[in-house]
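Just so it is clear, none of the values below were taken in a lab; they were calculated from the coordinates. Nothing here was measured: the structure is a model prediction, and the numbers come from that model. Quick reminder, even Gly has a Cβ in these numbers, built from the backbone with ideal geometry, and neighbours come from all protein chains shown.
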Amino acid sequence: MYTMVRYGWTFELYATVCTSFVSLPKSPQRSSVKQPSTLLLSSTPSSNQTSDVESDSLSHTVGSPEKYAAALGMTLEQVQIRKELREESVRELQEQLEGTFDGKERHRLICQHRFKQGKHPFTCPKCWSYQPVCICGDAPGKKKTIPCEQVIIWTHHSEWGSQSNTGSVLPLVLENTRLLMKGLHDGNLESILNADPTIQPVILWPNVNFSNGNENYVTFDDLVGKKVILLAMEGTWRQARRMVSKFPYPRLSLTGGDSGSNNVPPPISILAPLRCQKDGPKHSVCTAEAVVMALEGMGLDQDPSILELVKRKVDQTRRYRGKLNLGAKQ
Ligand SMILES: [Zn+2]
């Protein structure tokens, strides 16, 4: 699977739902081959702030099945059991899909499986990092209060559980921030958005060439005094465009463009050195960065620790995947 990042949304050239979804890694090494990371496409060191020790690969975690199990805090038998359970769940899903011809129901089954099983058998259910490099313990004890009612990251099921996803870090550091899955949590989202008629949902969405000019964009000034729920789309570009088209709500863009945008200088991603952006704007930012920038525009005090945690996840994932790839070559 090939991924790239474009202005706050992760893009995956997504073959088919089922083939990518039910593919089960036979081993951590194979997993890394089947899911090349955007982060792997750059060999640039993570940052000037990263120590020499931290810039080392994480080979010790995957050097052997025993080391891998130890890094997971599991026995070899436990690792095997979990892999077998996952294989079984995939077989069950395949059987259910073979007997189901209703498109909506098939979609629901796939979403439900992804929600329960994640994208990989050994990832943290909270931050979606590989377990040996989980960053949950690095999150601050107290979450930051946000300057709006809620932040909802509306996530396509194929992105759910992705180790390179950055939006999954935000609920660890921000209050009233959650990820919901399109196809599984539609009712939850509807309830949230309709709970209070004075709520103003706003979609974080770039005001770029793809716009047909008919969208209603608002500025930060327009939102002052309103009970805003900020919605961010998470998926490939194609998925995100389809997802956003379902919502009638005004959009909020971080950068200049057509009238109605917030005409601020284009943001530069702190994660840029870790990413391939060959088909995206130079100033691509990840979902977490886009959300934080939007919240800062609404009044959130600048706090570098939020994106430092995001960066830590991205960096750890890159190092971990890099070493997994080395392992696969041996
Ligand atoms: Zn975690």
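In whole angstrom, region 105-251 maps to an equivalent ellipsoid with semi-axes of 26, 20, 15, each derived as √(5λ) from the alpha carbon gyration tensor and ordered largest first. With neighbours defined as other Cβ atoms within 10 Å of a residue's Cβ, the residues MET74, MET233, MET243 order from fewest to most as MET74, MET243, MET233.
Among the listed pairs LYS143/LYS227; LYS104/LYS126; LYS104/LYS313; LYS142/LYS227; LYS116/LYS226, those with a Cα-Cα distance over 31 Å are LYS104/LYS313; LYS116/LYS226.
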